[in-house]
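The structure appears right after this line, and notes come after that.
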Amino acid sequence: ALTHGPDSPALRLAMGRAYAMGGAQAQAEENFRTALTLVPGLPAALWSLSDLYFRSGRGADALPLLRDLTAARPEDALAWERIGILQRQSGKLTEALDSFDTVIKLDPDQPRAWANRAAVLLDLGRTAEALADLAAARARHPDDAGLTRNHALALTRAGQAGAALPLYASLLAETPDAGLSRDYAEALIKAGRAADAQTMLGALAATAPD
């Protein structure tokens, strides 16, 4: 258990989180690092500091902390997911695939894990596997809008824009969204329906705020 004293890990973690919420990153970092000095390898401090770095674009600083965290808590699916994201960003695709495979083993019902794995498979040119993963995940989570959008994006990227169109249409019927509309327009163009895309983008421009 964390101790609560004049300079305890619990106090430093609480202070670090408060500073992080207020946007004071340097002070947050100092407090999280002090917590790790007081209790080396403390999982809560490893996560908090890695999260601070991850959210501020300091992936190279976050990665070793996340590795330490998964060494201490190999069942931590979110830490493995962050590792996979950072590996993909740095072009280490085979390693990223292994990390996302670990996430799926730990939490197979997490739709985001399948979407992340599919993105790496697409990067590796393993299109059929990526689309099969997304289709299977959508069968388990038919109401997950994020997963449906990822599937539509993957189909478009894989040269199957026509198959993506009904997915975009169903999403837009539920929640009109400018970014989604632009993705739909891109799929329409790739499916040979440039006139329909132009009409959609014109309507989107007409409704945009000045």
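The values are calculated or read from the model by the stated rules, or taken from the named source; none is laboratory data. Please read these numbers as outputs of a predicted model, since none were measured by experiment. For neighbour counting, all protein chains shown are included, and Cβ atoms are generated from backbone atoms with ideal geometry for every residue, glycine included. Surface areas here come from the heavy atoms of the whole protein model, side chains and all, with no ligands, DNA or RNA. Shrake-Rupley method; radii C 1.70, N 1.55, O 1.52, S 1.80 Å.
Rundown of residues vs (1) open to solvent by 20 Å² or more (accessible area, probe 1.4 Å); (2) within 30 Å of Arg117 (Cα to Cα), yes/no style:
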{"site": "Leu13", "(1), (2)": "no, no"}
{"site": "Ala28", "(1), (2)": "no, no"}
{"site": "Asp61", "(1), (2)": "yes, yes"}
{"site": "Pro64", "(1), (2)": "yes, yes"}
{"site": "Leu69", "(1), (2)": "no, yes"}
{"site": "Arg88", "(1), (2)": "yes, yes"}
{"site": "Lys92", "(1), (2)": "yes, yes"}
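Out of the helices (runs of 4 or more DSSP H) lying entirely within region 1-108, which hold 3 or more residues that are closer than 30 Å to Leu121 by Cβ and touching a residue at least 24 places away in the same chain (Cβ under 8 Å)?
Working: elements: 9-21, 25-38, 43-55, 59-72, 77-89, 93-106.
Correct list: 43-55, 59-72, 77-89, 93-106.
Please work out which residue is nearest to Asp98 (Cα to Cα), limiting yourself to region 118-157 and to residues that are of a type in the set (D, E, K, R) and in a loop (DSSP other than H, G, I, E, B).
Arg126
Taking into account only those residues within region 178-210 that are closer than 18 Å to Leu155 by Cβ and of a type in the set (Asp, Glu), which is least open to solvent (accessible area, probe 1.4 Å)?
Asp183
Would you confirm, using the coordinates I've provided, whether Arg82 is open to solvent by 40 Å² or more (accessible area, probe 1.4 Å) and either of a type outside the set (Gly, Ala, Ser) or in contact with an Asp or Glu (Cβ under 8 Å, 6 or more places away or on another chain) (or both)?
Against the criterion (open to solvent by 40 Å² or more (accessible area, probe 1.4 Å) and either of a type outside the set (Gly, Ala, Ser) or in contact with an Asp or Glu (Cβ under 8 Å, 6 or more places away or on another chain) (or both)), Arg82 does not qualify.
Would you confirm whether or not region 94-101 contains a residue that is open to solvent by 20 Å² or more (accessible area, probe 1.4 Å), over 23 Å from the mean Cα position of the chain (by Cα) and among the charged types (D, E, K, R)? Talk me through it step by step, then tell me what you get.
Kept after step one, since they are open to solvent by 20 Å² or more (accessible area, probe 1.4 Å), are these residues of region 94-101: 94-95, 98, 101.
Now drop any that are not over 23 Å from the mean Cα position of the chain (by Cα), which leaves none.
No, region 94-101 contains no residue that is open to solvent by 20 Å² or more (accessible area, probe 1.4 Å), over 23 Å from the mean Cα position of the chain (by Cα) and among the charged types (D, E, K, R).
Name every residue in region 138-150 that is in contact (Cβ under 8 Å) with a residue 24 or more places away in the chain and surrounded by 19 or more Cβ atoms within 10 Å (Cβ to Cβ), in order of residue number.
Those that are in contact (Cβ under 8 Å) with a residue 24 or more places away in the chain and surrounded by 19 or more Cβ atoms within 10 Å (Cβ to Cβ): Leu147, Arg149, Asn150.
Given (1) open to solvent by 80 Å² or more (accessible area, probe 1.4 Å); (2) in contact with a Lys or Arg (Cβ under 9 Å, 6 or more places away or on another chain), where does Met21 come up short, assuming only one miss?
Evaluating Met21 over (1) open to solvent by 80 Å² or more (accessible area, probe 1.4 Å); (2) in contact with a Lys or Arg (Cβ under 9 Å, 6 or more places away or on another chain) leaves (2) as the failure.
From the residues in region 152-177 that are closer than 21 Å to Ala206 by Cα and among the small types (Gly, Ala, Ser), which one is most open to solvent (accessible area, probe 1.4 Å)?
Looking at residues that are closer than 21 Å to Ala206 by Cα and among the small types (Gly, Ala, Ser), I get Ala173.
What number of residues within region 108-119 satisfy the criterion of being surrounded by fewer than 16 Cβ atoms within 10 Å (Cβ to Cβ) and either in contact with a Lys or Arg (Cβ under 8 Å, 6 or more places away or on another chain) or among the charged types (D, E, K, R) (or both)?
Residues that pass the stated criteria total 1.
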